[in-house]
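Quick note: the coordinates plus some simple rules give every number you see, no bench work behind them. Every value quoted in this text rests on a predicted model; they were computed, and no experiment measured them. Note that each Cβ is placed from the backbone with ideal geometry, even for glycine, and that neighbours are counted across all protein chains shown.
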């Protein structure tokens, strides 16, 4: 970064350091950025460090709350599939089983541990979130195409609402199209 063209990075800006790899600006000091690197944790990087590659610059604000910084960091980590949230199964389902019973009584039923099934549902949800984030950040896709593809993703979420009964907390539920 040349001195005259130096951009003041705001919290949530994504950067790449030659030694520490990708990171996110989480704080600003007088002469340095506080950057959270995926592998190396939080490091101070001088604002005039020439080898810091800017991946996505967000404008610097004079002040930012801890909650705003936390939300920005979580959003970025989710976007790139680098955050694994703990999602709990409802208490009544713990150690239960899912039984698939064929209509033909001569055929054998299939028992699946409900925890295994629940884990797969959560993985589908997490992968849909990553797909959604990558779609929205893709510069090669037109806005009209993004809207159309986003509608398909929303419909997939809607199709998965049947499984909301398995989640312990309502905030973990699938949400499809909301009626107005």
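Pop the C-beta distance of residue 92 and residue 54 into the FRET formula with R0 = 35 Å and round what comes out to the nearest 0.05.
Details: r = 49 Å, r/R0 = 1.41.
Taking R0 as 35 Å, the efficiency between residue 92 and residue 54 is 0.10.
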Once you order the gyration tensor axes a ≥ b ≥ c over the Cα atoms, which shape class does the range 14-79 get: rounded for a/c under 1.5, otherwise prolate or oblate by comparing a/b with b/c? oblate
Most fluctuating of 51, 88, 164 in the GNM of the chain (C-alpha, under 10 Å) is 51
For residue 100 and residue 172, calculate 0.36 nm times their separation in residues minus their Cα-Cα distance, and state this gained length in nm to one decimal. 23.4 nm
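When a/c reaches 1.5 or more, the comparison of a/b and b/c decides; with that in mind, is the range 91-172 rounded, prolate or oblate per its Cα gyration tensor? The partial results should precede the final answer.
Values: a/c = 3.22, a/b = 2.10, b/c = 1.53.
It comes out prolate by the Cα gyration axes.
For residue 119 and residue 151, FRET efficiency with R0 = 22 Å and r from the beta-carbon atoms, rounded to 0.05?
Details: r = 28 Å, r/R0 = 1.27.
The pair residue 151/residue 119 has a calculated efficiency of 0.20.
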Quick check on the chain: take the gyration tensor over C-alpha atoms, sort the square-rooted eigenvalues as a ≥ b ≥ c, and tell me if it's rounded (a/c under 1.5), prolate or oblate. prolate
